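Structure record follows, encoded as structure tokens.
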Amino acid sequence: ANQPFSLLVVVVLLATIGEVFRQTITVFFARDIVGVKNIGIVYAVYFAVGLCAVPLWGWLSKAIGKHRALILALGIVAATNFAMGFLQQGQGHLFIALFVLKGICYGAIGILPNAMVADTVDLDTAQTQDRQQGVYFAAIAMVQKLGFALGGGLPLILLDAVGFKAAGGSEAEALFWMRIFYAVVPGVLVAIAAMLLTRYSLTAERQEELRHYIAQKEAGLTPDMPSYLQ
């Protein structure tokens, strides 16, 4: 009955699979397609930038709404994924620039879905007069773990199926599929997640109505139920 949460479950699953899918084979893509050797240093910058950008996403989520901020982050991630598919050997600097741009969105993808889960708990409380935060956060954590499992295992199975050699020296056809698996597959999954999120209905205005309704109910009053709950 909690449609915003159900939608968020699908979005989180798709986005997690897409991002973990890409991360799992980044080392191979950077080495064999672009020629970047020290990917560990690039990852350090990636996470540092993502951490520094967290306040930005917090501010933006208040300014335009959590779901709109997350749509923006997912859109940037999808666009950078697709752009990476066109990179050639020797374009390491462009790869790093796109990677860092993606890193700016890392904080948003890490914090905004959980903040939105907290909002959907309020919807559940208004509907059931019960507090079930633990159930909701446990459910979304399970979905994230499923996303990590699928995103971490599938790309390696697929690369093996097309003859990719982890030690290096893969044939041209295998490298072509590496581009598809690294850029297109994650890009499509994240783009679908972003498009689905445009249907998210629990706006900041409705959230404020919910909290007011819950507060009045807990005070023993009989407030009018918000129209979208009727």
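Yes or no, residue by residue, for (1) modelled with pLDDT under 95; (2) under 16 Å from the mean Cα position of the chain (by Cα); (3) closer than 19 Å to Ser201 by Cβ:
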{"site": "Gly58", "(1), (2), (3)": "yes, yes, no"}
{"site": "Ala69", "(1), (2), (3)": "no, yes, yes"}
{"site": "Asn81", "(1), (2), (3)": "no, yes, no"}
{"site": "Gly107", "(1), (2), (3)": "yes, yes, no"}
{"site": "Gln129", "(1), (2), (3)": "yes, no, no"}
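Within the span defined as the stretch 192-201, one or more residues are at pLDDT below 95, surrounded by 14 or more Cβ atoms within 10 Å (Cβ to Cβ) and under 29 Å from Ala126 (Cβ atoms).
One line per residue, one yes/no per condition, for (1) open to solvent by 50 Å² or more (accessible area, probe 1.4 Å); (2) in contact with a Leu (Cβ under 7 Å, 6 or more places away or on another chain); (3) of a type outside the set (A, V, I, L, M); (4) touching a residue at least 24 places away in the same chain (Cβ under 8 Å):
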| site | (1), (2), (3), (4) |
| --- | --- |
| Leu13 | no, yes, no, yes |
| Thr16 | no, no, yes, yes |
| Arg22 | no, no, yes, yes |
| Ile25 | no, yes, no, yes |
| Asp32 | no, yes, yes, yes |
| Ala44 | yes, no, no, no |
| Ile71 | no, yes, no, yes |
| Gly110 | no, no, yes, yes |
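Residue-level check: of (1) touching a Phe, Trp or Tyr at 6+ places or on another chain (Cβ under 8 Å); (2) farther than 30 Å from Gln216 by Cβ; (3) buried (at least 19 other Cβ atoms within 10 Å of the Cβ), Thr120 misses just (2). Can you confirm whether the stretch 176-189 contains a residue that is within 25 Å of Gly50 (Cα to Cα), in a loop (DSSP other than H, G, I, E, B) and open to solvent by less than 70 Å² (accessible area, probe 1.4 Å)? No, the stretch 176-189 has no match at all. Exactly one residue among Thr120, Thr128 is closer than 21 Å to Gln3 by Cβ and in contact with a Pro (Cβ under 7 Å, 6 or more places away or on another chain), and that residue is Thr120. Within the stretch 84-94, does at least one residue satisfy the condition of being within 24 Å of Leu13 (Cα to Cα), part of a helix (DSSP H, G or I) and at pLDDT 95 or above? Yes, the stretch 84-94 contains at least one residue that is within 24 Å of Leu13 (Cα to Cα), part of a helix (DSSP H, G or I) and at pLDDT 95 or above. Selection of the stretch 139-159 for residues being more than 22 Å from Ala183 (Cβ to Cβ) and touching a residue at least 12 places away in the same chain (Cβ under 8 Å) yields Ala139, Ile140, Val143, Gln144, Leu146.
The values are calculated or read from the model by the stated rules, or taken from the named source; none is laboratory data. Nothing here was measured: the structure is a model prediction, and the numbers come from that model. Note that each Cβ is placed from the backbone with ideal geometry, even for glycine, and that neighbours are counted across all protein chains shown. When the accessible area is computed, the model is the full protein with side chains, heavy atoms only, and any ligands, DNA or RNA have been set aside. Shrake-Rupley method; radii C 1.70, N 1.55, O 1.52, S 1.80 Å.
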